[in-house]
Every structure is written in C-alpha cells, then in structure tokens.
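The structure appears below as structure tokens.
The values are calculated or read from the model by the stated rules, or taken from the named source; none is laboratory data. What you see is a predicted model, and the numbers here were worked out from it, not measured in a lab. All Cβ positions, glycine included, derive from the backbone under ideal geometry; neighbour counts span all protein chains shown. Side chains are part of the model used for accessible areas, which takes the heavy atoms of the whole protein and leaves out ligands, DNA and RNA. Shrake-Rupley method; radii C 1.70, N 1.55, O 1.52, S 1.80 Å.
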Amino acid sequence: VYRDFPDVYHPDFEAAAATFAEQLADTVDDPAFIGYFLMNEPTWGFAQETPAAGMLYSTARCYAREVLAADLQDRYTTESALSEAWGFEVTFEIVREGLWHRQLTDAAKSDLAAFSEQMVTRYFSTLSEACRRVDPNHLNLGIRYYTVPPEWAVEGMRTFDVFSMNC
C-alpha cells in the first residue's frame, strides 16, 4: 500500500505470511542457527510520512483504507466531527477511496500515526506468528530498522525476540 508495506488487511495476507515462513523449514533443527531476520531496512522506514499517510497519497483503494475509514467512523461518528478534528472538509468515503493531494494537519497526522501503529503491529505479529509456527526453535531477530524507529513502529516490534537496528 506504500513503498514495500503490504496491505495487512487483504484477505490473502495471512496465507502470504505463512508462505513466507516456509523458508525456515530447512533450518528448523539446525543447532548452529541462532535466528532469522524478518526483513532488512524496509523502504517505508526511510519515509518522512507514516505508512497510513503514504497510503493515502499512493494507493487509491485497498483493504487497509477501508479499515482506516471504518476506524475513523467509529472514533468520530460523523463526517462533520472528523472534518472539525482534522481542520478541513473530509468524508469517510474520501478516506476510503481516491488519491490524496492535500496537506495533512497535525491532527490528521496523529490519527494516521495511530493507524500506522495498528498496521505495523498486525504486519509484525502476523509474520512473527507464522514464522514461530514453522520454526519455534530459533530467535526472531526482527527487521533491522535503519535507525531508531518512530514511536508508531515500536509496539509491533514487541513480537520480536530481539530488537535490531542497523546503525
């Protein structure tokens, strides 16, 4: 949905994570194998914006945007309340579909950071659980973030056995 960040709400995401984890089957009983990284320096980690904000600008429609719109509707109830909070006219349908071309206010960025935390947590927990099902014997070394990760990414990293940074 943004750079190399997948649509973690797509119906096929869990199956894709299980397929990804299958590569660990060859080393599951290897006593010299310490652990595995899920990925190295994801490109979304280098961006100025959160994955949710980047998604609005680069992906016109996806399952994650539908969940974002539903979450915002649960939180704000009405479009007028969302518009007031975000400081500009916005509808749940605009959040759900279409590419964005407007600047985001701090309030909108805050809501998108919270949703990015939800996305990242789902991403990492789904991958981590799939890998543990295939290989319960070795350490999940995380993602090798390129620097200190932003606050919205940290909660999802709790699913790792080791927090890694590539600095």
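Some notes on this structure:
- Residues that are aliphatic (A, V, I, L, M), exposed (fewer than 12 other Cβ atoms within 10 Å of the Cβ) and closer than 29 Å to LEU99 by Cβ, drawn from the range 1-37: ALA15
- Residue within the range 5-22 that is touching a Phe, Trp or Tyr at 6+ places or on another chain (Cβ under 6 Å) and assigned to a helix (DSSP H, G or I) present: no
- Tally, over the range 24-47, of residues that are assigned to a helix (DSSP H, G or I) and more than 11 Å from CYS131 (Cβ to Cβ): 6
- GLY45, sole failed condition from (1) open to solvent by less than 20 Å² (accessible area, probe 1.4 Å); (2) over 23 Å from ILE94 (Cα atoms); (3) touching a helix residue (DSSP H, G or I) at 6+ places or on another chain (Cβ under 7 Å): (3)
- Subset of the range 98-132 (residues that are surrounded by fewer than 14 Cβ atoms within 10 Å (Cβ to Cβ) and of a type in the set (D, E, K, R)): ARG102, ASP106
- When the range 38-52 is filtered for residues that are in contact with an Asp or Glu (Cβ under 9 Å, 6 or more places away or on another chain), within 30 Å of GLN103 (Cα to Cα) and of a type outside the set (S, T, N, Q), the ones remaining, listed by number, are PRO42, TRP44, ALA52.
- Residue list for the range 146-167, filter: in contact with a Phe, Trp or Tyr (Cβ under 6 Å, 6 or more places away or on another chain), over 12 Å from MET39 (Cα atoms) and not in a helix (DSSP H, G or I): THR159
- Top-ranked residue in the range 87-124 [being under 20 Å from the mean Cα position of the chain (by Cα) and among the basic types (Lys, Arg); ranked as farthest from GLY142 (Cα to Cα)]: ARG96
- Just one of the numbered conditions (1) open to solvent by 10 Å² or more (accessible area, probe 1.4 Å); (2) in a loop (DSSP other than H, G, I, E, B) is not true of ILE143: (1).
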